[in-house]
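Here is the structure we will look at.
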Amino acid sequence: MKDTQKSAKTTATKKRYGGFTDEEKAAMMDRVQEQKIAARKSEGESDLLAKIAELPEPDRTMAKRVHAIVKASAPALSPTTWYGMPAYARDGKVVCFFQSAQKFKTRYATFGFSDRAHLDEGGVWPVAFALKKLTAAEEARIGALVKKAVS
């Protein structure tokens, strides 16, 4: 009789599984994308910080400040490197970047924006800015530009 009860119980609780609903599949895909982005951000940030650490002064200090400004102004951007320089991307595409004066043997560092940045103003607008030093006024301007770039 035990065998009869066991088989009846098993049959009664076994239901045919129809699979995940479209909503459940979409939620799982969203979660996978979130995890990929989080992994890229942590990897990208460690790579970016390593590149900043390699920079000579005063570029290193400016790059650290720019990094803090970008993180505060546009937390959705993912830290990465671009041509060996600190950069910030959205959906894998670079939006803004820092270029060392020392690496390119120029008299100033540069903070620039790619064509992905939303800085358009009429028919002509600046996409790169020379950085000699960062005061509170320059930091505020960079923050405002980064916010506008990702809007």
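When you check Val146 against the structure, is it β-branched (Val, Ile, Thr) and in a helix (DSSP H, G or I), yes or no? Write out each step before concluding.
Numbers: β-branched (Val, Ile, Thr): yes; in a helix (DSSP H, G or I): yes.
In short, yes.
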Do we have any residue at all in region 79-93 that's surrounded by fewer than 16 Cβ atoms within 10 Å (Cβ to Cβ), out of contact with any Phe, Trp or Tyr (no Cβ under 8 Å at 6 or more places or on another chain) and assigned to a strand (DSSP E or B)?
yes
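Looking at Lys36, Lys133, can you tell me which residue is in contact (Cβ under 8 Å) with a residue 60 or more places away in the chain, surrounded by fewer than 16 Cβ atoms within 10 Å (Cβ to Cβ), over 18 Å from Val150 (Cβ atoms) and out of contact with any Cys (no Cβ under 7 Å at 6 or more places or on another chain)?
Details: Lys36 fails: in contact (Cβ under 8 Å) with a residue 60 or more places away in the chain.
Just one listed residue meets the conditions, Lys133.
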If you scan region 53-78, which residues turn out to be among the small types (Gly, Ala, Ser), part of a helix (DSSP H, G or I) and farther than 22 Å from Phe104 by Cα?
Ala68, Ala72, Ser73
Glu121: in a helix (DSSP H, G or I), at negative phi and without any contact (Cβ under 8 Å) to a residue 60 or more places away in the chain, yes or no?
no
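None of the figures in this text is laboratory data; all of them are computed from the coordinates on show. As the structure is a computational prediction, the values presented were derived from the model and not from experiment. Backbone-built Cβ (ideal geometry, glycine too); neighbour counts: all protein chains shown.
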